Amino acid sequence: MGRERVELKKIEKAAARHVTFSKRRRGLIKKAQELSILCDADVGLIIFSATGKLFEYSNTSMEMILKKYSESFTGSLNSQQLNIELYNQDVRRTKEEMENIDYALRHMHGEDLQGLTIKELQKLEQKLEVGLRRIQSTKGYQLEEENARLHLELKQCSNLKNNNAVEFSLIEPLETRDHSQSSESVHNAYTPRSQHKTSIQHNEAADTDLQLGLAI
């Protein structure tokens, strides 16, 4: 089984903490030496113990390494300052553009016109006229499309209404058809009964005439 991972936290016992500091310090200096030799790098290591004692290592000169670091740090600060200045310039330029757009919108609404010259007012008037013509053109086009759509819907509704009227005229109402059938059946039922009754009356009259000895 592998070794259990030790949780990194402050060692409470002072003696154990001092021993660990000494071992880790020597190991860190050894790693710095190996790095400088293997990679031909300038390495500077500065360590302060808990009591404030200084331990350092450099493969060349600590002063030269600190000077390089200072120059690099200053260059980094200058670069950061330059980036900040460029950012501020972008912010100022964007703010000016937004203010100009806001002024232009106010002028389009007819506000804050006192500071404009005659030429500026004429240019503003021309812009408004061009915009108005575009608005009217777009509005007219949309109205034509809407009218065409409404005419098409009315035509479709009219055709549908005419087709329904034709179909209604071709279909005989159910009540009329039932009524005609009932009348015909009643007539058919009534006619044989009447004929039968007339035949019976005729036969009875003939029998009576024979009994009375009358000629038929």
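The values are calculated or read from the model by the stated rules, or taken from the named source; none is laboratory data. Keep in mind that this is a model prediction, so the values were computed, not measured. Note that we place each Cβ from the backbone using ideal geometry, even for glycine, and neighbour counts take in every protein chain shown.
Brief remarks follow.
- Among (1) assigned to a helix (DSSP H, G or I); (2) touching a strand residue (DSSP E or B) at 6+ places or on another chain (Cβ under 7 Å), the one test that Lys68 misses: (2)
- Qualifying positions in region 65-99 - under 23 Å from Asp40 (Cβ atoms) and charged (D, E, K, R): Lys67, Lys68, Glu71
- For region 113-140, residues that are surrounded by 10 or more Cβ atoms within 10 Å (Cβ to Cβ) and either among the β-branched types (Val, Ile, Thr) or not in a helix (DSSP H, G or I) (or both) total 5.
- When region 35-74 is limited to residues that are surrounded by 11 or more Cβ atoms within 10 Å (Cβ to Cβ) and among the charged types (D, E, K, R), the one that is nearest to His18 (Cα to Cα) turns out to be Glu56.
- Any pair with Cβ under 6 angstrom, 6 or more apart, that starts in region 94-114 at a residue that is closer than 18 Å to Glu129 by Cβ and ends at one that is at pLDDT 80 or above and surrounded by 10 or more Cβ atoms within 10 Å (Cβ to Cβ): His107/Leu124
- Options Thr60, Thr20: the member that is polar (S, T, N, Q) and not in a helix (DSSP H, G or I): Thr60
- Criterion (modelled with pLDDT of 85 or more and either assigned to a helix (DSSP H, G or I) or touching a Cys at 6+ places or on another chain (Cβ under 6 Å) (or both)) met by exactly one of Leu154, Leu82, Leu160: Leu154
- The residue list Val19, Val6 contains one member that is farther than 26 Å from Lys68 by Cβ, exposed (fewer than 10 other Cβ atoms within 10 Å of the Cβ) and either more than 60 Å from the chain's Cα centre (by Cα) or of a type outside the set (Ser, Thr, Tyr) (or both), which is Val6.
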